[in-house]
Amino acid sequence: MTKFFLSLHVLAAIIAVGPVTVAASMFPATLRRALGAPGDGDPSTVLRTLHRICRVYAGIGIAVPLFGFATASSLGVLGDAWLLTSILLTTAAAGVLVLLILPAQNRALNEATGSAAPTPIPVAPRRLAMLTGLFNLLWDTVTVLMIIRPGSTTGA
Ligand code: HEM
């Protein structure tokens, strides 16, 4: 059963986190292009698609911690320091994505397509790029922790 859960956990990480990483990383540069050419439909369409990928795959990404917890309880490692650290970092990554990146993308999209009145503080592509970098750094760290498992007797 452990192998089954672990396979689903890793598959979910690849299928869900991969697309979010690529789409969220492409968003700030596309936003810069869209802001440079307001009314030009092309970058706005790409922006909308990138945002949709991030939103949908963030939802699918819930499967990662779900199967992660199933694997951990099956292995009996729920109290291990490396796992608790990973859970904390995964929570932080999810928080950055759901509470900061997705709403900022949504606002930027509305501003760039003119479907919302311009706000006093427009979404800066540089801030979005920084948040996306932070999200990537957090889940990269979790992946390394999952593989090295410092302090674990099953560690590499
Ligand atoms: C609540 C969050 C998470 C929990 C509870 C969790 C739990 C686990 C557990 C128990 C293992 C098995 C380790 C072993 O074989 O001894 C594992 C492996 C793995 N996890 Fe997670 N995980 C979480 C988040 C993540 C995230 C966010 C990623 C990447 C996006 C990830 C990627 C991996 C990978 C690639 C492995 C395979 C490592 C290997 O077998 O060498 N995990 N995880």
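The values are calculated or read from the model by the stated rules, or taken from the named source; none is laboratory data. Quantities reported herein were computed from a predicted structural model and do not represent experimental measurements. Neighbour counts are summed over all protein chains in view; Cβ atoms, including those assigned to glycine, are modelled from backbone coordinates with ideal geometry. All accessible areas refer to the heavy atoms of the entire protein, side chains included, with ligands and DNA or RNA removed. Shrake-Rupley method; radii C 1.70, N 1.55, O 1.52, S 1.80 Å.
Taking the C-alpha atoms only, the angle from helix 41-60 to the longest principal axis of the chain is near 20 degrees. In the context of the full set of protein chains, residues of segment 2-148 present 55 Å² of accessible surface per residue (probe radius 1.4 Å, heavy atoms only). Considering only alpha-carbon pairs that sit under 8 angstrom and 6 or more positions apart, the relative contact order computed for segment 1-129 is 36 percent. What is the sum of charges, Lys and Arg at +1 and Asp and Glu at -1, for the other residues whose Cβ falls under 13 Å from the Cβ of residue 128? Its environment carries a net charge of +3. Gyration tensor over the Cα atoms of segment 2-148: the corresponding equivalent ellipsoid has semi-axes (square roots of 5 times the eigenvalues, largest first) of 34, 14, 11 Å. Surface composition of segment 1-102: carbon and sulfur make up 74 percent of the accessible area, probe 1.4 Å. With everything on Cα atoms, drop me the angle between helix 125-148 and the longest principal axis of the chain, reported from 0 to 90° to the nearest 10. For 125-148 against the chain, the angle is about 10 degrees.
In the chain, the longest principal axis of the Cα atoms and the axis of helix 2-12 are about 10 degrees apart.
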